[in-house]
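Working notes, structure below.
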Amino acid sequence: VQLQASGGGLVQAGGSLRLSCAASGSTFSINVMGWYRQAPGKQRELVARITKGGSTNYADSVKGRFTISRDNAQNTVYLQMSSLKPEDTAVYYCNAVQERSFVGYWGRGTLVTVSS
């Protein structure tokens, strides 16, 4: 499984960005797709994830501001980020987990910078 993320950039506080991540390869085996982020000097943390069936989980810090969605036909997951805050600044990584083996895959990160 290969993951290609896009959509990062520089935005002012209060603004919005949309991240996309397209999966290729053995995509039929993917169950969970999600987004993690890592800020400078901090550990990587879960932002949001979504199952093939559409169940979602969000970090408390992004609830009500971020929305994760998925297009199973296109093997793509999206993260709509609104009301962005400077503390959302981080490298965002796409993640996919295979259904039976629970093997995880990571895409190359995309940088999101929120200026105050």
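The values are calculated or read from the model by the stated rules, or taken from the named source; none is laboratory data. Everything numeric in this text was worked out from a predicted model, so none of it was measured. Don't worry about glycine lacking a Cβ; one is built from the backbone with ideal geometry, like all the others, and counts go over all protein chains shown. Ligands, DNA and RNA are excluded from the accessible area calculation, which covers all protein heavy atoms including side chains. Shrake-Rupley method; radii C 1.70, N 1.55, O 1.52, S 1.80 Å.
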Filtering segment 90-116 for residues that are in contact with a strand residue (DSSP E or B) (Cβ under 8 Å, 6 or more places away or on another chain), within 19 Å of G53 (Cβ to Cβ) and open to solvent by 60 Å² or more (accessible area, probe 1.4 Å) leaves a count of 1
From the list L79, L84, exactly one residue is part of a loop (DSSP other than H, G, I, E, B) and either among the aliphatic types (A, V, I, L, M) or open to solvent by less than 10 Å² (accessible area, probe 1.4 Å) (or both). Which is it?
L84
Only unsatisfied item for S101, checking (1) hydroxyl-bearing (S, T, Y); (2) out of contact with any Lys or Arg (no Cβ under 8 Å at 6 or more places or on another chain); (3) part of a strand (DSSP E or B), is (3)
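Table: residues versus (1) touching a Cys at 6+ places or on another chain (Cβ under 9 Å); (2) among the acidic types (D, E); (3) surrounded by fewer than 14 Cβ atoms within 10 Å (Cβ to Cβ); (4) assigned to a strand (DSSP E or B).
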{"residue": "A5", "(1), (2), (3), (4)": "yes, no, no, yes"}
{"residue": "L10", "(1), (2), (3), (4)": "no, no, yes, yes"}
{"residue": "G14", "(1), (2), (3), (4)": "no, no, yes, no"}
{"residue": "S20", "(1), (2), (3), (4)": "yes, no, no, yes"}
{"residue": "F28", "(1), (2), (3), (4)": "no, no, yes, no"}
{"residue": "V32", "(1), (2), (3), (4)": "no, no, no, yes"}
{"residue": "W35", "(1), (2), (3), (4)": "yes, no, no, yes"}
